[in-house]
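Notes to accompany the following structure.
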Amino acid sequence: MYPRLVVSDARAAIDFYAKVFGAVPGESFSDDSGRIVHAEVSFGGAGVVGIKDQGDGDEPVSLIMALEVTDPDEVAAAMEAGGASVIYPVADHEYGRGGRLRDPWGIQWMLMRP
């Protein structure tokens, strides 16, 4: 089982995830109009996430993806540079260092270094 993200522009989202998280794009399938109906991106040890353009009754929903990273400050800065907004700034907590940002497609990313 793996999560599938529904976004308004799957190609741009895949590029963003590759740039800021180092995600590796995998297989991708488009319909006759060029809309992505299924694509995969690999987040290293975190596994594969499916992604598609909205449509066919699929609409973006509120979602929080928890992602363990080596340097949450660096990843948060890269996300902000790519257009993400800060929900909770990266800070030290009793459970580790982390924060939460919203990417340009509305997906929330909880970045965490335990």
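Suppose the filter is without any contact (Cβ under 8 Å) to a residue 40 or more places away in the chain and either touching a helix residue (DSSP H, G or I) at 6+ places or on another chain (Cβ under 7 Å) or open to solvent by 60 Å² or more (accessible area, probe 1.4 Å) (or both); does P89 pass it? Taking the combined requirement at face value, the residue satisfies it. Say we look at the stretch 35-45 and pick out the residues that are touching a helix residue (DSSP H, G or I) at 6+ places or on another chain (Cβ under 9 Å) and modelled with pLDDT under 95; which of these is farthest from L5 (Cα to Cα)? The extreme case among them is G44. What do you reckon, is L101 part of a strand (DSSP E or B) and under 21 Å from Y2 (Cβ atoms)? In short, no.
Count of the stretch 25-47 residues, restricted to those that are touching a strand residue (DSSP E or B) at 6+ places or on another chain (Cβ under 8 Å), part of a loop (DSSP other than H, G, I, E, B) and surrounded by fewer than 15 Cβ atoms within 10 Å (Cβ to Cβ), is 1.
In the condition set (1) part of a strand (DSSP E or B); (2) without any contact (Cβ under 8 Å) to a residue 40 or more places away in the chain; (3) not acidic (D, E), M112 is compliant with all but (2).
Pairs meeting the criteria (first residue in the stretch 92-104 and within 9 Å of P114 (Cα to Cα), second residue surrounded by 20 or more Cβ atoms within 10 Å (Cβ to Cβ), beta carbons under 7 Å, at least 6 apart or on different chains) are R97/P72; R97/V90; G98/P72; G98/V90; G98/L111.
Report yes if some residue within the stretch 64-81 is without any contact (Cβ under 8 Å) to a residue 12 or more places away in the chain, polar (S, T, N, Q) and surrounded by fewer than 14 Cβ atoms within 10 Å (Cβ to Cβ); otherwise report no. No, the stretch 64-81 contains no residue that is without any contact (Cβ under 8 Å) to a residue 12 or more places away in the chain, polar (S, T, N, Q) and surrounded by fewer than 14 Cβ atoms within 10 Å (Cβ to Cβ).
Set side by side, the residues G22, G50 differ, and just one is small (G, A, S) and either open to solvent by 40 Å² or more (accessible area, probe 1.4 Å) or at pLDDT below 95 (or both), which is G22.
Output the residue which, of all residues in the stretch 92-105 that are open to solvent by 30 Å² or more (accessible area, probe 1.4 Å) and not hydroxyl-bearing (S, T, Y), is farthest from the chain's Cα centre (by Cα). Walk me through it before giving the result.
Taking the stretch 92-105 as the starting set, the residues that turn out to be open to solvent by 30 Å² or more (accessible area, probe 1.4 Å) are 92-95, 97, 100, 102, 104-105.
When the remaining residues are screened for being not hydroxyl-bearing (S, T, Y), the result is 92-94, 97, 100, 102, 104-105.
On the way: D92: 22, H93: 23, E94: 25, R97: 19, R100: 12, R102: 9, P104: 10, W105: 9 Å.
Looking at residues that are open to solvent by 30 Å² or more (accessible area, probe 1.4 Å) and not hydroxyl-bearing (S, T, Y), I get E94.
Give all pairs with beta carbons closer than 9 Å in which a residue from the stretch 1-28 that is more than 19 Å from D56 (Cα to Cα) meets a residue that is hydroxyl-bearing (S, T, Y) and open to solvent by 60 Å² or more (accessible area, probe 1.4 Å); count only pairs at least 6 apart in sequence or on separate chains. From residues that are more than 19 Å from D56 (Cα to Cα), the pairs are I14/S28. Scanning the stretch 48-66 for residues that are assigned to a strand (DSSP E or B) and over 14 Å from A18 (Cβ atoms) turns up G50, K52, D53, G55, D58, I64, M65, A66.
The values are calculated or read from the model by the stated rules, or taken from the named source; none is laboratory data. If you're wondering where the values come from, they're calculated on a predicted model, not measured in any experiment. Positions of Cβ are generated from backbone atoms using ideal geometry, with glycine treated the same way; all protein chains shown enter the neighbour counts. The accessibility values were calculated without ligands, DNA or RNA, using every heavy atom of the protein model including side chains. Shrake-Rupley method; radii C 1.70, N 1.55, O 1.52, S 1.80 Å.
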